[in-house]
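Below: the structure, in structure tokens.
The values are calculated or read from the model by the stated rules, or taken from the named source; none is laboratory data. Note that the structure is predicted; figures quoted are calculated from it, not measured. Heads up, the Cβs are rebuilt from the backbone with ideal geometry, glycines too, and the neighbour counts pull from every protein chain shown. Please note that ligands, DNA and RNA were not included when accessible areas were found on the heavy atoms of the full protein model with its side chains. Shrake-Rupley method; radii C 1.70, N 1.55, O 1.52, S 1.80 Å.
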Amino acid sequence: MSSIKHSMKKVGVLLSSTLLLAAVILAGCAPASAPVATPQAGELSGTINEAGSTSVQPLAELMATAFTAKYPKVTVNISGGGSSAGVKAIAAGTVDIGAASRDIKITEPDVIPVCIARDGVAIVVNEANSLTGVTIEQVAKIYAGEITNWKDVGGNDATITVVSREEGSGTREVFEEYVTGAFKKKIKADALFFDSNGAIRSKVASDKNAVGYVSFGYVAGLKTLMVNNVAPTIENAQSGKYPIVRRLYFLTKSVPSGIVKEFIDFCRGPEGQKIALNEGYIPLVLK
Amino acid sequence: MSKISDSVLQPGCELRRVYDGFWRYAIYLFGAISFIILLLIALFIFREGYPAFQKIGIWQFISGLRWDVSDQAYGILPMIIGSTYVTIGALLISVPLGIFTAVFLTDVAPQMMRSIIRPAIELLVGIPSVVYGLVGMLMLVPIIRQSGHGSGDSVLAASIVLAVMVLPTIVSITEDSIIAVPNAYREGALSLGATRWQMIWHVVLPAAKSGIIASIVLGMGRAIGETMAMIMVIGNSIIIPDSIFSPARTLTGTLALELKYAAGLHWNALFATGVVLFVFILILNSFGFLMLRGKNK
């Protein structure tokens, strides 16, 4: 009799574990609940969920790590999804902070953007390239396919290999806004397209006739070109001399309070901005 | 481990039936899961892609030459042609190579070489596709560039990388079907005075034909689906390639490149691209399996 009971129990265990699994799966589908942020005096605790731009993601992750190291009772979950997804998520209230690497479009819901860093986009060529600088118009023409040989912008007689980011990339968006868009041009369809700053870097580093554009943090091993006689440095970007710069935003639905406010203040404060600088982003100009 | 006492397993015992029935249905369920997953994936892709077909029109979507998100122009003909070219290029290299490798392994190679080459080819399957891409990007592309034909990112580079990737599929299925050719055929041919080459070319290969075709079709399915390695060596330009040195873009490449930032109609158009791929591969694989079944009859 006891062995019958035993085998019944086994079936029971199996069933209950199946139910448990089902419960876990179902729970995963439920929308993330907004935490009630109630910081007690002195010690912060709670959970912050962030989602959005993948350009912001690496920076946000490092800032979150530093923040949780300082306040161990706080958990910060950083995820990607893209700027559009970040705006959608914060408008729908499924996250506490959204992230965007571009300005909020007029067609999008009204949310509160808070700048956490700036990011510059540098025009890069292979180290063997003799060119030192270009004008924005020349870059626009190169990307539109109107200039196809380096000799037309003062370089060697060689066909230019145009390397661009894929459709939808935040880096591409800022490039299109300040470079090709400024001259009402479009990036040509027969450019080469790669899907990350890193891939552009390795392509330009290996092809001596290539031109590309990457975030300031990715220029190692490449030659950066002066744009309109301004070198792509953090100082020039901060002073507004360098033209291809964008802001990176955290988005909130209402005026931030509690741990969300603490986290955003931390990111904008000296500790957060030091991380931004170390990672090749341009720190905020706060007065 | 608990032991179930004999009384439980006695015929006629109620619990025995319950126990057996439970496991039977549990196993049915496990068996059904893979099918259910496929069904759910198909449903999801179709649901997300449908609005694009509706707004753009199936024909405009498939035959459109321009893919320009800022203009809301979504035509995937360049990608369909890109995928087709790369697949054909890969098969032009891997089919002869694969078939003759299989012949070599079954009918020509001494035992020692066989025991080296066969595991080597099987090992090719286990290499992650990003590694193929990396080797292609760092070695093959520069070689093509130095030959003076454009930037090196090209249909040719993609075809070569892909050929190596589908080689194991073609070799192993062809090999199986050659082994299945009865030895009597070979003996018959040889006894009629055929040379070894004549025996292989006129007797063995024709007898293994359906298996060889199946291997090609399945290799083709793998080639069309390959993504990561392709993105790294093909350049991803949205144009119809005009030579083997021209860059191009594949259907899967578009999905992998653009999905993470896409929203709205762009998102739907990418899933519609997935639908096109899904149908392509469904047709190819059904054809391949029919061929394989034909062989077994």
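Taking a ≥ b ≥ c as the square roots of the Cα gyration tensor eigenvalues, with a/c under 1.5 meaning rounded and otherwise prolate when a/b beats b/c, else oblate, which class fits region A:40-96?
oblate
Can you give the direction-averaged projected area of the convex hull of the alpha-carbon atoms in region A:82-227, in nm²?
The orientation-averaged projected area of the Cα hull of region A:82-227 comes to 9.1 nm².
So which trypsin sites (Lys or Arg not before Pro) in region A:161-241 pass both tests, a DSSP loop state and at most 11 other Cβ atoms within 10 Å of the Cβ?
A:184
By Kyte-Doolittle mean hydropathy of at least -1.0 and Cα axial length of at least 20 Å, which whole DSSP H helices of chain A are selected?
Passing helices, by number: A:2-29.
Sequence gap at least 6, Cα distance under 8 Å: using those rules, report the relative contact order of chain B to the nearest whole percent.
This gives 25 percent for chain B.
From the cross-link list A:73/A:105; A:223/B:260; A:186/A:208; A:184/B:260; A:141/A:223, which pairs have alpha carbons spaced over 31 Å apart?
A:73/A:105
Compute and list, largest first, the equivalent-ellipsoid semi-axes of region B:52-137 from the alpha carbon gyration tensor, each √(5λ) rounded to a whole angstrom.
43, 15, 10
In vacuum, with every alpha carbon of the protein assembly as shown counted as one equal point scatterer, what does the Debye formula give for log10 I(q)/I(0) at q = 0.08, 0.10, 0.13 Å⁻¹? Two decimals, please.
Here the Debye-derived log intensity ratios amount to -0.74, -1.02, -1.32.
Project the alpha carbons of region B:123-198 onto their principal axes and report the range along each, largest first, in whole Å.
In descending order, the Cα extents are 55, 29, 15 Å.
State the Kirkwood hydrodynamic radius of region A:150-227 in Å, one decimal place, computed from all pairs of distinct Cα atoms.
It is 13.1 Å.
Can you tell me what the convex hull of the Cα atoms of chain B projects to on average, as an area in nm²?
24.6 nm²
Let me make sure I get this right: for chain A, a, b and c are the square roots of the gyration tensor eigenvalues over alpha carbons, sorted descending. Under 1.5 in a/c it's rounded, otherwise prolate if a/b > b/c, else oblate. Which is it?
Here chain A falls in the prolate category.
Mean residue ellipticity at 222 nm from the helices of chain B, using -39,500 (n - 2.57) per DSSP H segment of n ≥ 4 over the full residue count, to the nearest 500 deg cm²/dmol?
-23500 deg cm²/dmol
Counting other Cβ atoms within 10 Å of each Cβ, which trypsin sites (Lys or Arg not before Pro) in region B:174-229 have at most 14 and sit in a DSSP loop?
Answer in residue order: no site qualifies.
Per residue, how much accessible area does the protein assembly as shown have with a 1.4 Å probe, in Å²?
49 Å²
So, with a 1.4 angstrom probe, what is the percent of accessible area on region B:63-296 that is carbon and sulfur?
71 percent
Given the rule -39500 (n - 2.57) for each run of at least 4 DSSP H residues, summed and divided by the residues of chain A, what is its mean residue ellipticity at 222 nm, to the nearest 500 deg cm²/dmol?
The helix-only estimate for chain A comes to -11000 deg cm²/dmol at 222 nm.
May I ask you to list the trypsin sites (Lys or Arg not before Pro) in region B:19-100 that are in a DSSP loop and have at most 14 other Cβ atoms within 10 Å of their Cβ?
When the trypsin sites (Lys or Arg not before Pro) of region B:19-100 are filtered for loop state and at most 14 Cβ neighbours within 10 Å, B:66 remain.
What is the local net charge at residue A:98, summed over the other residues whose Cβ is closer than 11 Å to its Cβ (Lys, Arg +1; Asp, Glu -1)?
After counting each charged neighbour, the total is -1.
Under 1.5 on a/c is rounded, so check that first for region A:105-162, then, if it is not, pick prolate when a/b is larger than b/c and oblate when it is not; a ≥ b ≥ c are the square roots of the alpha carbon gyration tensor eigenvalues.
Since a/c reaches 1.5 and a/b is larger than b/c, the shape of region A:105-162 is classed as prolate.
Report the local net charge at residue B:233: Lys and Arg +1, Asp and Glu -1, summed over other residues whose C-beta lies under 14 Å from its C-beta.
Its environment carries a net charge of -1.
Given a 1.4 Å probe and no ligands, DNA or RNA in the count, how much accessible surface is buried by A and B, both sides, to the nearest 100 Å²?
Counting protein atoms only, the buried area is about 2700 Å².
Using a 1.4 Å probe on protein heavy atoms, which residues of region B:242-267 have at least 50 Å² less accessible area in the complex than alone?
B:257, B:260, B:261
Under 18 Å Cα-Cα from residue A:261, which aspartates and glutamates qualify once same-chain neighbours fewer than 8 residues away are excluded?
Here the aspartates and glutamates satisfying the reach criterion relative to residue A:261 are A:43, A:50, A:61, A:96, A:271.
Got the relative contact order for chain A handy, in percent, Cα pairs under 8 Å and 6 or more residues apart?
Computed over chain A, the figure is 25 percent.
Report the net charge of residues surrounding residue A:282, where surrounding means a beta-carbon distance below 14 angstrom and charges are Lys +1, Arg +1, Asp -1, Glu -1.
+3
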